[in-house]
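One structure, pasted below without further comment.
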Amino acid sequence: MNRAWGGIEGSAGAPEIEGPYPGLRPFLAEEAEIFFGREQMADEVLVRLNERHMVVVHGTSGCGKSSLIAAGVLPQLAKRRARRGLTLNVGSFRPGSRPMQSLVATIAGEVAGGTAPADMQKVYAAIAQRQGARPELARLAKAAGIDQLCIIVDQFEELFRFAEDESFEEAERFAETLVALAGASDRPADWWEEGGEGDGVLATEAKEAQISFLLTMRSEFLGDCSRYPRLAEAINRTQYLLPNMERSDLIRAIREPAEVFGGTVDHALAEKIADDAGREQDPLPLVQHALMKLWRASDNGALDLSGYEQALAASGQSEALRQKSPLSAILADHADAVLAQATKGESDRLAATGFIFRALTRKDSEGRAIRCPQRYARLEKVSGVGPQVTREIVDCFRREGVSFLTPYEAMQAEIDPATVIDISHEALIRTWPRMSDRTIDPETAQPVGWLEREAQEAMVWRWLVLHAKFFRTNNSAYLDGTTTDRLGDWFQTVKTRPEWARPYLLHGEGKEDVREEPEWKAVDGLLEESRRRTWLERNMVRRWKKLGWWSLVLLAVALVGVVAAGVQGYSMWSKAQALRSLEAARQSTANSLYVTANVTLEKNTKRRAGSNPAEDELVDPGVAAVASGGAEGTMLVINRKSGYIWIGATRGNGTLSHIVRSDGRSLPPAAVERGGSYRIRGNLTVREGPPGADGQPAEAIGLIADNTLVTAVEPPIPAPGAAGYWLRALLVPTKLPNVRLLHAGDEETAAASAGNFTDLGYSVAASDDASARGRWEVLYCREEDRGAALRLAAIASRELAQTHGLEARTVAPVRGSDCPAPGEPGLRLIVDFSAAAS
Amino acid sequence: MNEPRTEPAPQCFLGRHGYHFDLFLSYAHADVDGTGESPLKTWSQQFYRSLLAALRSFQLEPLPRVFLDEAPRQENALNRAGHLAPELIETVGKSALLQIVMSPHYLKSEWCRRELEAFVNTLPDKRGSAKDRLIIAKAIDTEGQPWPEALCDAEGNKTVGWQYHDPDKYFPHGWMTEWGRHIPPQMGAALFDMAHFIKRRLEQIDAELTEKQKKSELVSWLEQGQAERIYLYGRSDDEAEWDAVSQDLDRLGIVVYPGEPEPLDVDDDSAKRAQYARLASRCDAMVMVGADGLKLDFDLDVVGRERRNLIASKYKKYLPCAVLDRSGSLARPARVSNARRFGIDWIDPNACDWPNYIKVWLQSSADSVRQRYGVETPAP
């Protein structure tokens, strides 16, 4: 039994209550003594309960349903029963995720808790009966020494969520059982059924216990009840819409609790608070909260108007809020103070608190702020600060006297990962500027309030998911540059808390890690691809502007090159592709290599079609290879993706050795920013990931040539256990095939060279071969190896020149006649190392 | 129409609460040429007659009374305040509500400014809550002209009021016409709605002041140790005890309710319980007959606390309550302290001059009743 309903059986004793005002949380059963102003309503509920055996108390959220039952109805019922020497057993549950089980367990638990032993098998059987369940259970309960059994179903509306998410059938059975047990349906027994159910007369000598059900529900769910057979009729007969408190009752609720504790609230203050309550949407919790603050701040328990005005004047809230909603201002002030305690001035704690509160709120379809309870385990995931700090933050907000989050410390001291955490009251969401402020922060261009930010980001995410779906079918639907920049940056922050996205998945597959969800991958893919294209287009456009008329010349050269290469599809070239060729031209002047882009989507399509991914990454006939403006045959067709490269250690002046700014100036590691463009120094091997903790490099996935521009995906990562840095970058690695190295000359030099090629990502099998003497060439056999041969030739020229000083000749690709056997390396690199510098 | 000022003892709806007029009609004469006549004055006077007719149609008793100043005012005269000022200001102070006929002329009029100022200044001293005391009838368009602060809300927005001209028209309906008893149809709805609002506000003030007066009377009644009726609670199985106390009170001339002790099953008989509560609400105090300790413990809670709270909520009646411990053996410290927490006193007849002590007890309970009702302590 939840503590809210506990402790009602006892008679009057000294109150063990903290103070006369519970603040935001509802009243507990033991607080009946300080519960004033709702006497008429409690009486009405009791009258109905006596006559109908079931009462559905409904009203808006936060109107005090739970308090009324816990501190009004049940204590009164218990005392009335005790006055006559009758026993009352009260059980309570929320439908939650196992309504039927909870119902049975609660009833059985209470019957078992009677003064006499009960046959539990019979109890279970009685509950399961469709007809006659109520009298049978009443007899069993009576036999167990119980005169009245009262079952509270708190937050009955949870049943409708259960029906939607889990099982409508079980929900239906639950409703049917409940109605049958309560005897609340007015359906007359059909002629073939056993006769009507007698209402147990409540007296010590009666043979049956009285069984009653008290349900609480939010009024907006009344309509949902009609979907369940006989439930609607039962509700019609038993509903009680909780009215607003009259002003005179409100004044009593303000003044009288203090008197129980020997204090006073002066009339002027009570009138002022009642006036201010009239300006609030759901005033009761706010009134209780303000009084609790005043009571705690008071030395002598004499609360007066001046104390209230001082508290307001001292509040750090805006003049407008203080004028318009003084009670809200007091709440907001308190919330700010608790926030300051919870965050201790640390920005990561502040961010974590923001994400916790964002996870706990939502806007409904009409834009109203509503609560969104979460399991504690999820809050740990979205907070991004680890279990201990998350726990500290959550505990800070659920302390007694704070009660901004449930379960309140006063009701449940410890929480575990499965505990459902909730915001205690929607008033907090609506009135705390930290949550609800809609003004746009000029720095971040985002709303200041967490709730607003959450709502906006949820919309962005969903839009991205939908767009990513569209992008799958239409590869030209990538995002434009501005959108990519903004959303790309935003998505980087989402990646630090992937769990955030879970509630916004349109069709989640329930993966443990949100990043494994197809929708996440689709969004990631869309942004990655959009970033790649944006980068290309921007750089090309910039070049175009910079180069002026020269660009036209270069474009012409590029076009001529294309024609010369005999590539088809001129008419298919879009403007973007023309720009890409321009970029290619620029690259060629720097590298003697031509670069062209591949389209990820086409690659994906091909993969789905079952072709060889290794080839897909290299050859893209749709985009076409671009012919060289330099040495014949030095052509590369490469594909841009992300990979890790070693960008070197810092040199004496603190700058990195293997990376410079795009304009050639060197830079320190701290200046490498996400999204920035940098130029590579030296041929670098591209690896799948950063080195492991042991310093071992990850697998090579290709090569990135000297002087190529790359885009940093993340800031540099310090190399484990060594000086220097790794960088994850968007780049165009070349995928390297197996090579047989036939060499002449110095064996050792040849082995070193083979090692160098292996380091670059080639698989090299080297052998001494006399026929290599005097030859420097790459031999290929099949036409499809031509591209790879060209690339190997280009790299080998550079490699042999740089490492072994073999500058005299350029390695040239040659079509050979003797093809290797299938499975054998398709390329042969034939080099005479005789002239190599040792 | 001159009768308001000629009557020696003014009778009006709120007259019993010390008001001389229910409504003071404040309007600018706009008598620029000094002839004593102007279209706005004519319109305002006709408006006054129509409003008065509408108000009187609600059949309030006594009939509401509205003040209208018909004396000629020369806005441009040198001595603008004139000798009438003190008398007018006094009348404003004795009026419950201020009805303003809004026009550009009103905003410029020194007379009207003084009337408004006087009304606002006397508001804190007026009896009853100060809210909704200014009624604005928008006669001539004042779009774009600032209103006095007193006529705007906290955020500086003009009070909504009732509009008597079309949104796109400058002059009100019935302008420059003699409408006599026939209100121009376009302004009928606004006039009726406004009159209804005034009527409701008058009734609210009346109810508020009547409640206050009744409470004061009750408090002073208790202060004198007087009680007309006392609710005597006892269980039917303690009939003898109950009868004895009932006779004691009867001898003092105090009527005892109900006529017999309560049966126990009243807890489950809602109709009976409601009747007992209603009876109790008609009494001046409650006395609980203490016979058995255990029973008393439950009764203190269920009747002494809960039922009295229900009566306080439902009938707005606070009943002073005491346990009469005839045997003198029930007054265990825990029980007495419980009772005190519920606001229940303890009378031990053996230790006092019972039943005459009841007067002393009633006098002593007067303070807590006063405190609960917020009735001010009379000046010594």
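Can you go through A:Gln131, A:Gln155 and tell me which one is part of a loop (DSSP other than H, G, I, E, B) and in contact with a Pro (Cβ under 9 Å, 6 or more places away or on another chain)? Show your work before the answer.
Details: A:Gln131 fails: in contact with a Pro (Cβ under 9 Å, 6 or more places away or on another chain).
None of the others qualify; the one that does is A:Gln155.
Quick check: is even one residue across segment A:433-451 open to solvent by 70 Å² or more (accessible area, probe 1.4 Å) and touching a residue at least 40 places away in the same chain (Cβ under 8 Å)?
For segment A:433-451, residues open to solvent by 70 Å² or more (accessible area, probe 1.4 Å) and touching a residue at least 40 places away in the same chain (Cβ under 8 Å): present.
What's the number of the only condition in (1) under 24 Å from A:Met217 (Cβ atoms); (2) within 44 Å of the chain's Cα centre (by Cα); (3) aliphatic (A, V, I, L, M) that A:Ala128 fails to meet?
(1)
Restricting attention to segment A:233-250, report how many residues are without any contact (Cβ under 8 Å) to a residue 60 or more places away in the chain and open to solvent by less than 70 Å² (accessible area, probe 1.4 Å).
Selection size over segment A:233-250: 1.
Could I ask something else about it? Scan segment A:28-52 residue by residue and report those that are more than 8 Å from chain B (Cβ to nearest Cβ), open to solvent by 10 Å² or more (accessible area, probe 1.4 Å) and at pLDDT below 90.
If the condition is that a residue be more than 8 Å from chain B (Cβ to nearest Cβ), open to solvent by 10 Å² or more (accessible area, probe 1.4 Å) and at pLDDT below 90, then A:Glu30, A:Arg52 are the ones that fit.
Among the numbered criteria (1) of a type in the set (Ser, Thr, Tyr); (2) open to solvent by 10 Å² or more (accessible area, probe 1.4 Å); (3) at the interface with chain A (Cβ under 8 Å from one of its Cβ atoms), which single criterion is violated by B:Ser313?
(2)
Does segment A:220-240 hold any residues that are assigned to a loop (DSSP other than H, G, I, E, B) and more than 37 Å from the chain's Cα centre (by Cα), and which are they?
Answer for segment A:220-240, where residues must be assigned to a loop (DSSP other than H, G, I, E, B) and more than 37 Å from the chain's Cα centre (by Cα): A:Pro229, A:Arg230.
Taking only segment B:285-303 into account, find how many residues are open to solvent by 30 Å² or more (accessible area, probe 1.4 Å) and closer than 17 Å to A:Leu77 by Cα.
Qualifying residue count, segment B:285-303: 3.
So which residues in segment B:357-377 are open to solvent by 80 Å² or more (accessible area, probe 1.4 Å) and touching a residue at least 12 places away in the same chain (Cβ under 8 Å), if there are any at all? Spell out the reasoning first.
At the first step, the residues of segment B:357-377 found to be open to solvent by 80 Å² or more (accessible area, probe 1.4 Å) are B:359, B:363, B:367, B:376-377.
Residues satisfying the conditions are B:Lys359, B:Gln363.
For segment B:266-284, what are the residues that are surrounded by fewer than 22 Cβ atoms within 10 Å (Cβ to Cβ) and more than 14 Å from chain A (Cβ to nearest Cβ)?
B:Leu279, B:Arg282, B:Asp284
Counting only residues that are touching a Pro at 6+ places or on another chain (Cβ under 9 Å) and assigned to a loop (DSSP other than H, G, I, E, B), how many does segment B:134-155 have?
Residues meeting the conditions: 5.
Within segment A:467-501, count every residue that is open to solvent by 80 Å² or more (accessible area, probe 1.4 Å) and within 17 Å of the chain's Cα centre (by Cα).
Total satisfying the criteria: 2.
Another one. Checking A:His743 against (1) within 56 Å of the chain's Cα centre (by Cα); (2) modelled with pLDDT of 80 or more; (3) buried (at least 19 other Cβ atoms within 10 Å of the Cβ): exactly one of these is not met. Which one?
(1)
Which residue, of B:Arg251, B:Arg273, B:Arg235, is basic (Lys, Arg) and within 20 Å of A:Gln40 (Cα to Cα)?
After applying the criteria, what remains is B:Arg273.
Going through segment B:121-133 one residue at a time, which ones are open to solvent by 50 Å² or more (accessible area, probe 1.4 Å) and not in a loop (DSSP other than H, G, I, E, B)?
B:Asn121, B:Pro124, B:Asp125
Same structure again: Condition first: within 10 Å of another protein chain (Cβ to nearest Cβ), touching a Ser or Thr at 6+ places or on another chain (Cβ under 8 Å) and not polar (S, T, N, Q). Can you find one or more residues in segment B:361-371 that meet it?
no
Only residues that are over 47 Å from the mean Cα position of the chain (by Cα) and modelled with pLDDT of 85 or more: list them for segment A:176-219, please.
A:Ala209, A:Gln210
Could you figure out which of (1) within 14 Å of another protein chain (Cβ to nearest Cβ); (2) open to solvent by 20 Å² or more (accessible area, probe 1.4 Å); (3) touching a Leu at 6+ places or on another chain (Cβ under 8 Å) isn't true of A:Lys79?
Here A:Lys79 meets the rest and fails (3).
Taking A:Gln317 as meeting all but one of (1) at pLDDT below 90; (2) over 34 Å from the mean Cα position of the chain (by Cα), write down the number of the exception.
(2)
Another question, if that's okay. List the pairs whose first member sits in segment B:52-71 and is touching a residue at least 40 places away in the same chain (Cβ under 8 Å) and closer than 18 Å to B:Leu98 by Cβ, whose second member is part of a strand (DSSP E or B) and aromatic (Phe, Trp, Tyr), and whose Cβ atoms are under 6 Å apart, counting only residues at least 6 apart or on separate chains?
B:Arg65/B:Phe21; B:Phe67/B:Phe21; B:Phe67/B:Phe24
Looking at B:Arg114 and the list (1) open to solvent by less than 20 Å² (accessible area, probe 1.4 Å); (2) farther than 19 Å from B:Asp153 by Cα, which single condition is not satisfied?
Result: B:Arg114 fails condition (1) only.
Only one of these is more than 29 Å from A:Pro257 (Cα to Cα), more than 11 Å from chain A (Cβ to nearest Cβ), more than 35 Å from the chain's Cα centre (by Cα) and in a loop (DSSP other than H, G, I, E, B): B:Ser246, B:Ser327. Name it.
Going through B:Ser246, B:Ser327 in turn, the sole match is B:Ser327.
OK, next. Which number in (1) within 23 Å of the chain's Cα centre (by Cα); (2) free of Cβ contacts under 8 Å to residues at least 60 places away in the same chain marks the one condition that B:Ala96 misses?
In the conditions (1) within 23 Å of the chain's Cα centre (by Cα); (2) free of Cβ contacts under 8 Å to residues at least 60 places away in the same chain, B:Ala96 misses (2) alone.
What residue, among those in segment B:341-360 that are at pLDDT below 90 and in a helix (DSSP H, G or I), is nearest to the other protein chains (Cβ to nearest Cβ)?
Among them, the one singled out is B:Arg341.
Looking at (1) buried (at least 16 other Cβ atoms within 10 Å of the Cβ); (2) modelled with pLDDT under 85, which one does A:Thr353 not meet, given that it meets all the others?
Answer for A:Thr353: the failing condition is (2).
For segment A:244-324, which helices (runs of 4 or more DSSP H) that fit wholly inside it have 3 or more residues that are within 12 Å of chain B (Cβ to nearest Cβ)?
A:247-260, A:267-277, A:319-324
Going residue by residue through segment A:57-70, is there one that turns out to be open to solvent by less than 10 Å² (accessible area, probe 1.4 Å), within 14 Å of chain B (Cβ to nearest Cβ) and under 19 Å from B:Ala271 (Cα atoms)?
Checked against the condition, which is being open to solvent by less than 10 Å² (accessible area, probe 1.4 Å), within 14 Å of chain B (Cβ to nearest Cβ) and under 19 Å from B:Ala271 (Cα atoms), segment A:57-70 yields no hits at all.
The values are calculated or read from the model by the stated rules, or taken from the named source; none is laboratory data. Everything quoted here is computed from the prediction, not taken from an experiment. Ideal geometry is used to build each Cβ from the backbone, glycine not excepted, and the neighbour counts take in all protein chains shown. We work out accessible area using only protein heavy atoms, side chains counted, and drop any ligands, DNA or RNA first. Shrake-Rupley method; radii C 1.70, N 1.55, O 1.52, S 1.80 Å.
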